[in-house]
Amino acid sequence: MDYVRSRPVSLKAHPTYNERWLQEQIASDPTLLGLGVDDLDVKDVERRQPRAGRLDVLLYDAENSTRYEVEIQLGPTDESHIIRTLEYWDNERRRFPQYEHVAVIVAEEITGRFLNVINLFNQAIPLIAVQMSALEVNGAMTLHATKVLDVALPAAEEDDDSGRETDRNYWEARSAKPVMKALDALAARLQADNPHVGLKYNKHYIGLQRHGIADNFVTFRPRKKHVIVEPKIERSETIDSLIENWGLTTLPYDKRWNRYRLQLEPDEVKDQEVRIYGLR
């Protein structure tokens, strides 16, 4: 493969490749932004906002019920660009609270000064900053995105639930006896090969502990009619195929915690517990 030198191009100063052109490229291929989501739908372009303004691009991740409010600016970002992005994000969040919403700032240049400002907002608002560079290669134009700031993740599960431990009675009151019995069967299967592993009852989920220390390679969320089993494992096509072939009921993959989410009825546990355990 031969080396071909590229030449940086300023879209702001270019007579043809302007902001509308960049908007069209992103709308035709949202993966250009490098948001880490493979399947993004374009919900709207130039979406009118209440009182004034138009949102450049609205993207939708159906699998995780998340909308991305994308606001583009050529050249370096500035105060008005940041404020506009946050305002449009807030408008959409208020109008459609049933979705998760992420603000996305796109600019040719994000300087250290404004990166610090964006980072401050990022502590309270789901916000992504993307620096989009245009390059000329052998007479052709191409784009390269660099995610300079990602959504801030919350604390680890163990820290998030510190001081919120409960007991079995708490979960028996929230769930049902057949479901808790199914949970016990799953726990017994784990303990057959891991005798030092036991259940740890937290307010929002039932985790695992080994020698008294949290070890949540699987978590459980008992409900009235079923139990949600969440093995922590990176998503892959191989595992997706296995789960589909097994006929398991699945919920959307939890990208934040890297967990599959399987919904089991009590009478399914005996048939599926070995398979679920094999996902470790």
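The values are calculated or read from the model by the stated rules, or taken from the named source; none is laboratory data. Only a predicted model underlies this, so the values are computations on that prediction, with no experimental measurement involved. Counting neighbours? That spans all protein chains shown, and the Cβs are built from the backbone with ideal geometry, glycine included. Each accessible area value is taken on the protein alone, full model and side chains, heavy atoms only, with ligands, DNA and RNA left out. Shrake-Rupley method; radii C 1.70, N 1.55, O 1.52, S 1.80 Å.
Packing, as the average of other Cβ atoms within 10 Å across residues, places the peptides 135-144, 30-39 in the order 30-39, 135-144, highest first.
Take the stretch 170-231 with all the other protein chains still there, run a 1.4 Å probe, and you get 47 Å² of accessible area per residue. Projected onto planes of every orientation and averaged, the convex hull of the alpha-carbon atoms in the chain covers 19.7 nm². What does a probe at A173 reach in the stretch 193-221, counting residues whose amide N is under 15 Å from the point 7 Å along Cα→Cβ? Inside the label zone: 202-204.
What the Cβ-Cβ distance of A140 and R48 gives, at R0 = 35 Å and to the nearest 0.05, is a FRET efficiency of 0.55. Give me the percent of accessible area attributable to carbon and sulfur for the chain, probe 1.4 angstrom. Whole-percent figure for carbon plus sulfur exposure: 48.
How much length is gained on full extension from K203 to E165, taking 0.36 nm per residue of separation minus their Cα-Cα distance?
Working: separation 38, 0.36 × 38 = 13.68 nm, distance 0.60 nm.
13.1 nm is the gain from fully extending K203 to E165.
A crude spin-label estimate for the pair K255 and K12, with each label 7 Å from Cα along the Cβ direction, gives 3.0 nm. In the structure shown, the pairs K147/K203; K203/K255; K43/K200; K200/K224; K43/K203; K147/K225 are assessed against 31 Å; a Cα-Cα span above that value is assigned to K147/K203; K43/K200; K43/K203; K147/K225. Solvent-accessible surface of the stretch 19-151, averaged per residue with a 1.4 angstrom probe and all protein chains in place: 48 square angstrom. Our helix-only sum for the chain, with -39,500 (n - 2.57) per DSSP H run of n ≥ 4 divided by its residues, gives a mean residue ellipticity at 222 nm of -9000 deg cm²/dmol.
Taking a straight line from the alpha carbon of K12, these aspartates and glutamates sit under 16 Å away, with near neighbours fewer than eight places off in the same chain left out: E24, E71, D78, E108, E109, E136. Full extension of the segment from S236 to D78, taken as 0.36 nm per residue of separation minus the current Cα-Cα distance, would add 52.9 nm.
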